[in-house]
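Okay, so here's the structure we're looking at.
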Amino acid sequence: MLAQQLAERIVALRDAEHPAAAFEASRVAIEDTLGCMLAGAAEATTTIVAATVAGSEGPCTLLGSGRRVAPLDAALVNGTAAHALDYDNGSNSMGGHASATMVPALLAATEAFGGSGRDLLVAHTVGFEVGTRIGLGVNFHHYEKGWHPTSTLGTFAVIGACASLMRLDVPQTATALAIGASLASGIKANFGTMTKPMHVGHCARNGLFAVLLARGGFTAGAEAFEHKQGFFEVYNGAGNYDATRILEHWAAPLQILQPGAGYKQYPCCAATHSALDATLAIVRGEGGRIDPHRVVKMETWTPARRLVHTNRPDPQSNLDAKFSVQYCVSRAVIDGRISIEHFEGDAWCDPVVRELMARVDSSVHRLGQFSADNHFGAEVRITLDDGRVLGDRVDIQLGRTADNPIPSAQLRSKFLDCAGRALPLAQTAELALQLDALLDLPVAARLMALTVAGNNNQLKQGVK
């Protein structure tokens, strides 16, 4: 049974020697996710979820506020925060956001049940392998059918990660995976609303919940994946998955290394990023600014797989605007950049950007414009009132895979900016130093002391 075979591999990978590159790749992923969690902690999306667990008490920290809640509630709230800005990393294999599902659950588990920095890094690597390998078996039918893989497949990533951290044995891990097959959920119809980031908190909670149940002796069907009414048949349907791909080439190479995690330069849907890279290149070529009133027409071409949820010429909220390629490229022309504040307050209904959006025509790739297997490329053309046509094209956005990485200094700057929205400058810098030394941190939960403003001395004293 697949749950058993996956469980055997999870336990073996947990106990295997991991290359230094894998430790570093997982460290970067945890840092990036923690920054996104801190930046998203004060968003209404997160605070509404937090209010629903107002009576919860326990050992786990809610980022930013310092409230202590039960582990499952911490995973739910902090998981929602991790995805609140849609700024967190992703995986091409999984077809969704990988680390945001795992890191909140793992941090809650370290506070409640213990674990070192090394344990945390190994657990992230293991969970990344589980979620992405299942993705290889079910995508892209799973994605295009309407499931949100971040949440459906992320549930299994969380289970793999938390089972590793909490050192479940093979039977317990197999049971946790089978439980997860009943807990996995999330549909793409809710993109552009608060429900999408809640998907991440939901699966962080459910994955940890499945592990805790299995550890306590709960039972589940051994054939939860391959049964005629199991995960594969129900979620994908007959003939629309290939379970052999899940175990094929397991950890050779590790998915965290190749193709690796994809990182974001912009806090909006990744499906807009190639068009944004192209638009910003055009703007830079014009000295960093284009007068939007001189734009007669803008045209964008993106893959059909991406345009289906980003063709939003009339977004009705900041969250909706994150999924509007028309809004994103218009904002890039007007401001010459894309940052968090462009999706805050009344930014989405700025009359200047709305006027320019009305002149944006977004289409799918034309025949021969990109190779048939290119699902990331974008082309942008801007026609000005003097007749000039400015254009650029991008085959794949910067940061999408380990082969075209965002420079490490830029990722660190992103972390400092995100964390600095919740913490004082000195505390943010101290947190970055502790993340640099994560592999050698004896108690991973000590990181959480730095996620609450004013607690920087607590961690320093603990380390000493």
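Results, tabulated for the structure shown:
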quantity: Pair list, Cβ < 9 Å and 6+ apart or interchain, from region 1-20 residues that are part of a loop (DSSP other than H, G, I, E, B) and among the hydrophobic types (A, V, I, L, M, F, W, C) to residues that are at pLDDT 95 or above and surrounded by 19 or more Cβ atoms within 10 Å (Cβ to Cβ); calculated: M1/A174; M1/A178; M1/A224; M1/F225; A16/V122
quantity: Extreme residue, surrounded by the most Cβ atoms within 10 Å (Cβ to Cβ), among residues of region 178-195 that are of a type in the set (V, I, T) and farther than 22 Å from A112 by Cα; calculated: T195
quantity: V333 vs. criteria part of a helix (DSSP H, G or I), hydrophobic (A, V, I, L, M, F, W, C), touching a Lys or Arg at 6+ places or on another chain (Cβ under 8 Å) and more than 24 Å from N190 (Cβ to Cβ); calculated: no
quantity: Top-ranked residue of region 21-54 - restricted to ones that are part of a loop (DSSP other than H, G, I, E, B) and not aliphatic (A, V, I, L, M), ranked as nearest to G262 (Cα to Cα); calculated: E43
quantity: Condition check for I338: outside the structural domain of R294 (by TED's automatic domain parsing), surrounded by 14 or more Cβ atoms within 10 Å (Cβ to Cβ) and in a loop (DSSP other than H, G, I, E, B); calculated: no
quantity: Selection status of Q265, closer than 30 Å to A108 by Cα, of a type in the set (S, T, N, Q) and at pLDDT 95 or above; calculated: yes
quantity: Of residues in region 196-228 being closer than 11 Å to A174 by Cα and aliphatic (A, V, I, L, M), the one surrounded by the fewest Cβ atoms within 10 Å (Cβ to Cβ); calculated: A222
quantity: Candidates V69, V53, V138, filtered to the one that is touching a Leu at 6+ places or on another chain (Cβ under 8 Å) and without any contact (Cβ under 8 Å) to a residue 24 or more places away in the chain; calculated: V69
quantity: Candidates G90, G154, G160 - the one that is over 23 Å from L450 (Cβ atoms) and either without any contact (Cβ under 8 Å) to a residue 40 or more places away in the chain or surrounded by fewer than 24 Cβ atoms within 10 Å (Cβ to Cβ) (or both); calculated: G90
quantity: Scope region 399-420; condition assigned to a loop (DSSP other than H, G, I, E, B) and buried (at least 16 other Cβ atoms within 10 Å of the Cβ); matching residues; calculated: G399, R400, T401, A402, P405, I406, G420
quantity: Unique residue being under 21 Å from the mean Cα position of the chain (by Cα) and touching a residue at least 24 places away in the same chain (Cβ under 8 Å) when the list is T310, T300; calculated: T310
quantity: Pairs with Cβ under 7 Å, 6+ apart, first in region 93-121 and acidic (D, E), second in a helix (DSSP H, G or I); calculated: E111/A445; E111/M448; D119/L165; D119/A444
quantity: Within region 311-321, considering residues that are out of contact with any Lys or Arg (no Cβ under 9 Å at 6 or more places or on another chain) and part of a loop (DSSP other than H, G, I, E, B), the one nearest to S363 (Cα to Cα); calculated: N311
quantity: Any hit, region 204-212, residues being touching a helix residue (DSSP H, G or I) at 6+ places or on another chain (Cβ under 8 Å) and under 24 Å from K414 (Cα atoms); calculated: yes
quantity: The lone exception for Q369 - which of (1) in contact with an Asp or Glu (Cβ under 8 Å, 6 or more places away or on another chain); (2) more than 24 Å from P259 (Cβ to Cβ); (3) assigned to a loop (DSSP other than H, G, I, E, B) it fails; calculated: (2)
quantity: Some residue of region 298-311 being among the polar types (S, T, N, Q), surrounded by 15 or more Cβ atoms within 10 Å (Cβ to Cβ) and closer than 29 Å to T46 by Cβ; calculated: yes
quantity: Matching residues, region 372-409, being in contact with a Phe, Trp or Tyr (Cβ under 9 Å, 6 or more places away or on another chain) and closer than 30 Å to A453 by Cβ; calculated: G399, I406
quantity: Candidates Q397, Q427 - the one that is touching a His at 6+ places or on another chain (Cβ under 8 Å) and of a type outside the set (F, W, Y); calculated: Q397
quantity: Selection status of A54, at pLDDT below 95 and among the hydrophobic types (A, V, I, L, M, F, W, C); calculated: yes
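The values are calculated or read from the model by the stated rules, or taken from the named source; none is laboratory data. Worth saying up front: this structure is predicted, and the values here are computed from it rather than measured. For neighbour counting, all protein chains shown are included, and Cβ atoms are generated from backbone atoms with ideal geometry for every residue, glycine included.
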